[in-house]
Every structure is written in structure tokens, then in C-alpha cells.
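Reviewing the structure listed below.
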Amino acid sequence: MHTTIRMLSLTAAVLALSGCANAISTQHVNKELAGPEWVVLSFRDIDGTTTAPGTIALIVRFIPPDTLSAKGDNELWGRYAIQNGMLSTSKLGGTKRGLSPGSRELDLAQALENATAYSIDGNKLCIYYFDKTRAINLVTNE
Amino acid sequence: MIITSTGTRLCSGALINNTRQDLTPFFLTANHCLVGNPNTWIIMFNYESPGCTNINGPTNQTISGTMTVANNSVSDFALLSLGQRPPGSYRTYYAGWSRPNIPAQWSVGIHHPRGDIKKISHDYDPVVSSDYEPERYLPDSHWKVRDWDQGTTEPGSSGSSLFDQNRRIVGQLHGGWAACGNDLPDYYGKFSMSWDYGSSSSTRLRDWLDPINSGPSTLDGMEGPPTEPTNVVITNPNQIGMSPRLSWSASSSPHGIAYYQIFRTPSYYNPLNWTIIGTSTSTSYTDFEIVINNQSSAYDRFSDRVAAVDTRGFSSNPSGLPYANVWGDPIFGLAESLPDSVTAVDAPAAQLKQNYPNPFNPRTEIEFNLQNRAHVSLVIYNILGREVARLVDGVNEAGYHRVAWDATDQPSGVYFYSLTAADLVNTRYMILLRYPC
């Protein structure tokens, strides 16, 4: 089963809704979604509050042509596709090690499986989930 | 369940049997569980509800320290050696295994989802040969449980064993999509691939689980050692001049207890040099090498422990604290101590009966039985170990023999009578009790 994610144009209106990126910088060269290793910086809740990614580093990669990979305590993976400007993902499966105290791996998996859109601003990625009411902020240094 | 040094309930796993069937504590889990330092891990056993209700289980049955002896990522297995064999009181089971690449007709997973008490998941359909993450793992390296019919797995279940319809391990959990509320699959690294993968003992199971190279395709599981005897006490600590009598609560084993071993150390302050001083098929033993005194001195103090041996020959750990302690004088070198009942499963070459009457004044009778014709000596010793009478010293025919001893010229006290026949020495004691005129 695939969840549809619409690739958003970087409009101020959308950003205002999500509160994900601070501003659009046309100075930046935006990274591609696929390829780099994205590290979760924070989770943004429905009320706009931002929380830390937990005690374990959470990493996300979109690996061409279609592999979606995430890593926390476990190695999770699924599929993604971009067609006609639409992005879709499958449910994530993976290893089943016990979670460290304070780990937010389950939150990450839930976010990715329920994502509805994303935006990229330079080296920052914002993935929206639950009808754009929530988001995760990620960054890449690659 | 594997617990890390920081307390994370990391993964599941199972004790696994080997062809030597010697209860070597090998523990099968998943390769991807090898994070941190396994030397500091704690393996927790029997973390399970006592009944069908979801009640928390004991957390005190643990073994500390493990060492990885073999692992590979292809079938995602890791074989650990535990720091010590789990004691009999844990009532462990060393699981059997099946290495043919044949799908189980139905399967069972035993695991600790989210570090919770033990859960048992059932799939009533055959497993399917499969790859797992095709970009990373070899084709047909895993068994796929298409969907669990009862229960499911979660984080913390990794490494748990998958059992086939014959209750033998056929794989260990790598990962999957199964979770509460869905009918998605799980993937178990194949035992058949783990068995012989790679070119060295560090990447395969074969060398560890078939150390005698006997080549079986399957091996059944086996129970762990018997439980330790408990409540070991001296029942007559104040009977000066008598030998201390030990008693204890019986051990248990599904295979039955063959006998108990009695250990003694000569110093209360140095309870390290434990020596086996005898055996008993009952739950009591009289130590004829000691005579109880009233010294109350640490130098005269002896401590005893008891271990159980089951009919397979596996021994429990010796009983723990508190030890059974007694003040007494050693009579070392006099004779070998005897169990209260004969230990051998087969009929012994010679049996020495308790004298009758006992106590006596001044005459008593001693009976012994010989399996075969043998040279026999039956000697009486006093409490100081001096021979006071030699009742028999010659060849005797097989069968029962009865000998009388008249102790008219001996003072009251404890006497030992020792039968030597066919290289077997049996000793008992008796009491001469003279009445005042």
C-alpha cells in the first residue's frame, strides 16, 4: 500500500502552514531528496511545538531508484516512488531490536509512513505528515 | 532476553543444544543484535507470566557476560557462549534444531516484544523460502512467515528463534513488517544457511553445534541440569560424639535424580576447597569422617554442601548459602564415608547392613551381602581409629553373612565397623551403651 506524498512547490503559504522552514532562500542550491543522508533535527507537533529527535540519531535516505531507508535503533526500509510530481512510500519494515530509552524511532517510522508532502531548502528537508499538520525537520551535510 | 549494560532490553534468543549434548551454554540470536559489548550483556531467563494472564515475571534469573563465537550477516545469526551454564533452578531447555532447507509446516516464535514478558506467536501455515532485503541479502536466505495467525513480533523480538512443527529451531528473527494490527510478514534467517556458511568456524554454526562432527540433520532439545538441593542442614549438631547427619530438600529433574554428591570444606573461614566426601541416593547423609565435639572453635568447623546428579549424569550446582556447618573432630584416614543408602544404580559388589541391636550392650550382630565370592575383612575401630576387633578376614562366598561381636571388654562409646570387599570399603558406626551397675 502506498501513501501519496505531494511534492510541494516552495511557496510561502505552505511554509506558513507548516512552520517548517524559516524562509526561502533563492541563494541556496537545493539538495535532491534522493541520495544524501538526512539526519532528523526535530519533530514539529500539531500545535507548533518542536521536540528533539530523542537519544538515538535518526537518519533517513532515499536511495534511487526506489529504496527508502531509515535508521535509529533499527534498520528500517521500504519503497518510494516519484511519478508525475507525486511521491509515494510503502509501509516500513525492518529489524526488531529493542528500543533504547528515549528513542524516537517509532515516531520517525510513523512520520514517514504517513507523510503527505515535503520541501527542501538548501540542505534542509521538511517532511509533512498527517495531512501536513505535523512535520519532521532534517538536515544533510553531504 | 538480552539486556545491555545500560539496561536496554535489546533482543531475544534461545539456548541451543549441540551434538555432544553436554549443556554447553550456547545462545542463538541475531547478528544485527551485536551492538555494544556482548561481554557486558545480561541474559535473562524465564521472564514470563506464571499463567495465561499478563502478569509480570521474575527478573532475577540472569547470567552475566557473553562471548560471540560465530556470526554472519547473510543469514543474520549470532551464536554466543554464555559466561556460565544457567543453574538448574532456572529450569532451562536447550533447544533442538533442524538444518535441512525444508520449510516448516507450521511454526512458532518465542520472543520478548518491546522487552515484555515472553510471548508465543503461531503461524499455522508453512513458511516460505525468501530473500529479505534483496539489495543486501542473498536469495532464499530467509524463511518468510507470511502472517502470524496468533500474536505478532515487535522491536525486541529480533534474534528470537523460529521453531518448526517438531519444536526444533529453523531460524532466528531478522526483521519484517509484522506488527500489532496487521497481517504483514516476518523474516527469519535460515538455520540451514547459518549451518555451513563461510569458510571458518567464526561464520557458521556447524563447528559449534556439531563438535563431534557426527553430521546429524536434526537434533532434539534437552532439559538443563537438575535443580540445586536446598535447606541443607546438620540435623544433630549437638550430639557430641556422634557423626554429623546432613539432610536437605530434594532436587528435581525431568529425568529423575540418580544421587547426590556431598561436599565438605575443612575450614569455615576458607570455604573454597570443597571436596566430594561421598554420595547418597536419599536426601540425607552421615559423615563418618567427623565426630561432633563441643569446641565451638572456628578451627573445628566444617561446612557442607550438596549437589544433585540426574540419571543422565548432569550435576546441579552445589547448594548455596547458608552452608550446613558443624563443629567436630576429623577422623581422617580411618575409613571412607558412606551414604545412608547405596549410591550405585547397579547392585553394589558388597553391602553392609546396620548392626542390630544398636545401641547394644554388649553383643550385636552385623550383616553383609556379597554379590560374588570375595576376600572380605570386617574390622571394628574405636573412636580414635584404633582397631579393636577383626571379625572377618578371609574369602567368603556370595550371599548374606551375619557376624556377631561381643564387646564385653570395650568401654561405652562410638565404634566404627568397616567392610572391605572387592575393592569396596563400606563403613558404618554403632554405639556401645553400658548401663551402670
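The values are calculated or read from the model by the stated rules, or taken from the named source; none is laboratory data. Not measured: the values here are computed from a predicted model. Here the Cβ positions follow ideal geometry from the backbone for every residue, glycine too, while neighbour counts run over all protein chains shown.
All of B:Trp177, B:Trp208 fail the test of being in contact (Cβ under 8 Å) with a residue 40 or more places away in the chain and assigned by TED's automatic domain parsing to the domain that holds B:Ser160, apart from B:Trp208. In the range B:372-437, counting only strands (runs of 3 or more DSSP E) that sit wholly within it, the ones holding 1 or more residues that are under 20 Å from B:Gly278 (Cβ atoms) span B:374-381, B:413-421, B:424-432. Residues in the range B:399-409 that are surrounded by 12 or more Cβ atoms within 10 Å (Cβ to Cβ) and either on the phi > 0 side of the Ramachandran plot or modelled with pLDDT under 90 (or both): B:His401 only.
Among the residues examined, B:Gly115 does not qualify as closer than 26 Å to B:Glu48 by Cβ, in contact with an Asp or Glu (Cβ under 8 Å, 6 or more places away or on another chain) and within 14 Å of chain A (Cβ to nearest Cβ). Taking the residues in the range A:53-100 that are of a type in the set (Gly, Ala, Ser), more than 13 Å from every other protein chain (Cβ to nearest Cβ) and touching a Ser or Thr at 6+ places or on another chain (Cβ under 8 Å) as candidates, determine which candidate is farthest from B:Ala178 (Cα to Cα). Applying the filter and picking the extreme gives A:Gly54. Answer with yes or no whether B:Val425 is buried (at least 17 other Cβ atoms within 10 Å of the Cβ) and of a type in the set (A, V, I, L, M). Answer is no for this residue. Just one of (1) over 30 Å from the mean Cα position of the chain (by Cα); (2) within 14 Å of chain A (Cβ to nearest Cβ); (3) within 23 Å of B:Trp208 (Cα to Cα) fails for B:Pro100. It is (2).
B:Glu133 fulfils the conditions (1) within 14 Å of another protein chain (Cβ to nearest Cβ); (2) charged (D, E, K, R); (3) over 15 Å from B:Lys190 (Cα atoms) except for a single criterion, (3). With respect to (1) crowded, with 17+ Cβ neighbours inside 10 Å; (2) more than 14 Å from chain B (Cβ to nearest Cβ); (3) assigned to a loop (DSSP other than H, G, I, E, B), the lone exception for A:Ala117 is condition (3).
Can you find a residue that is touching a Leu at 6+ places or on another chain (Cβ under 7 Å), more than 20 Å from B:Ser73 (Cα to Cα), within 14 Å of chain A (Cβ to nearest Cβ) and crowded, with 23+ Cβ neighbours inside 10 Å anywhere in the range B:152-161? Yes, because at least one residue in the range B:152-161 is touching a Leu at 6+ places or on another chain (Cβ under 7 Å), more than 20 Å from B:Ser73 (Cα to Cα), within 14 Å of chain A (Cβ to nearest Cβ) and crowded, with 23+ Cβ neighbours inside 10 Å. Scanning the range B:359-371 for residues that are part of a loop (DSSP other than H, G, I, E, B) and either buried (at least 16 other Cβ atoms within 10 Å of the Cβ) or among the small types (Gly, Ala, Ser) (or both) returns a single hit, B:Gln371.
Exactly one residue out of B:Thr68, B:Thr53 is assigned to a loop (DSSP other than H, G, I, E, B), without any contact (Cβ under 8 Å) to a residue 60 or more places away in the chain, of a type in the set (S, T, N, Q) and out of contact with any Gly (no Cβ under 7 Å at 6 or more places or on another chain), and it is B:Thr53. The strands (runs of 3 or more DSSP E) located wholly in the range B:162-260 that include 1 or more residues which are buried (at least 21 other Cβ atoms within 10 Å of the Cβ), small (Gly, Ala, Ser) and at pLDDT 95 or above occupy B:168-176, B:186-190. Note on the range B:1-42: residues that are part of a strand (DSSP E or B) and under 22 Å from B:Ser73 (Cα atoms) total 13.
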